[in-house]
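**Student:** There's a structure below that I have some questions on.
Each reported figure results from applying straightforward, stated rules to the coordinates on display, with no laboratory input. Only a predicted model underlies this, so the values are computations on that prediction, with no experimental measurement involved. Cβ sites come from the backbone with ideal geometry, for glycine too, and all protein chains shown count toward neighbours.
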Amino acid sequence: MLFTAVRAVGRRFMDLSIRSGRDYRVRIVERPGAWMAPAELEALSTQLRVVAAKTIPGVLRYGVFSGDAERLAQSIITLVTDRAGRPVAFNALAVMEVDIPPRPVEVLHLGLVMVDPDVRSRSLSWVLYGLTCFLIFFRRQFRPVWISNVTQVPAVVGMVSGMFSDVWPGPGAGRRSLTQLMLARRIMADHRHVFGVGPEAGFDEDRFVITNAYTGGSDDLKKTFDAAPKHRDPAVNAFCEAQLDYRRGDDVIQLGLMDMAAIRRYLLRDVPKGKVAGLVITAALVALSRVVLPMVHWFDTGRDWGILRPAGGRR
């Protein structure tokens, strides 16, 4: 784990390769559409489509499945492969700049998680749902990060409510904040394409429910309540059944924070005990490029740094 993390130091975007046990390798690729060559980008998209083909019967046509470099330039991909290099799971996060006063806010949309049915229940949830957010938090120097989630799956609603801080809505959640309301409004106005929701879908801002949500490219993800994976807490399942019309195709949009409290819960509850130390070392090395290297570059007067030029150097 340490060796692969060192390769990322000094890069503008993350490209990490980390082992998860003896059987799986995890690759985290930040904004591949901004720097990958077209052939590499197509190979990455193909791997995602391989997992999707084993997960759902239809064809998804939005986000990372479109193969569009512009879309992938705003995505963070977590790809899990087995010993043979076969893709078996992925998580596609989206980075959204949401324009609310007094200044735009960057929101990390949890996006789409898919797991090959043959490898489900193999303890990959800590990798697919929390690992990338954890590393992004370190990379952003421990500043709280807003996250969003759009789903109709009770298991995911419950996972997000338990993993992140101040999540709304959810079973037992308190009152929403004004910031959450403003973020939800702008996300629905400007970023529907990120989660495959068409312009005809409605938005109930009192409940944060998207009505008729499966008409913008995500059509084949629509589930009945019986088919949707359930959470271990019956209150979460009851919340989803009461709030969402599964026949129409509703989703809930959740907003919360990745902060120090969420990181503590993630490390203590979700990450396998034997992997905590290695994960912290990896995160520290990822953060190195944003914390230490700018200082090193600043004091190195013999090399260019951004628009700065060394004294007596080329003009």
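**Student:** Can you give me the long-range amide H partners of GLY111? Hydrogens built in the peptide plane at 1.01 Å from N, cutoff under 5 Å, separation of 5 or more residues or another chain.
**Tutor:** HN-HN under 5 Å from GLY111: ALA94, VAL150.
**Student:** In addition: Within segment 128-183, report the trypsin sites (Lys or Arg not before Pro) that DSSP leaves as loop and that have at most 10 other Cβ atoms within 10 Å. Mind showing how you got there, number by number?
**Tutor:** Numbers: sites: ARG139, ARG140, ARG175, ARG176; in loops: ARG140, ARG175, ARG176.
The qualifying sites are ARG175.
**Student:** Turning to a different aspect of this structure: For segment 93-188, give the share of DSSP beta bridges that are antiparallel, in percent and rounded to the nearest 5; count only bridges with both residues there. Each step should come with its number before you reach the end.
**Tutor:** On the way: 5 of 8 bridges.
Of those bridges, close to 60 percent are antiparallel.
**Student:** Which GluC sites (Glu not before Pro) in segment 162-245 sit in a loop by DSSP (not H, G, I, E or B) and have at most 16 other Cβ atoms within 10 Å of their own Cβ? Could the numbers behind the result be given before it?
**Tutor:** Numbers: sites: GLU200, GLU205, GLU241; in loops: GLU200, GLU205.
Sparse-neighbourhood loop GluC sites (Glu not before Pro): GLU200, GLU205.
**Student:** Something else about it: Post the alpha-carbon centroid distance, segment 224-247 to segment 153-216, in whole angstrom.
**Tutor:** 15
**Student:** Another question, if that's okay. Eigenvalues of the Cα gyration tensor times 5, then square-rooted: what semi-axes does that give for segment 149-258, in whole angstrom, largest first? Could you put the intermediate results ahead of the total?
**Tutor:** Working: eigenvalues 75, 68, 24 Å².
Output for segment 149-258: semi-axes of 19, 18, 11 Å.
**Student:** Further, regarding this structure: Please state the charge dipole magnitude for segment 77-178, taken about the Cα centre, from unit charges on C-beta atoms (+1 on K and R, -1 on D and E), reported in debye and rounded to the nearest 20.
**Tutor:** Values: 10 positive and 7 negative charges, 44 e Å.
Rounded to the nearest 20 debye, it is 220 debye.
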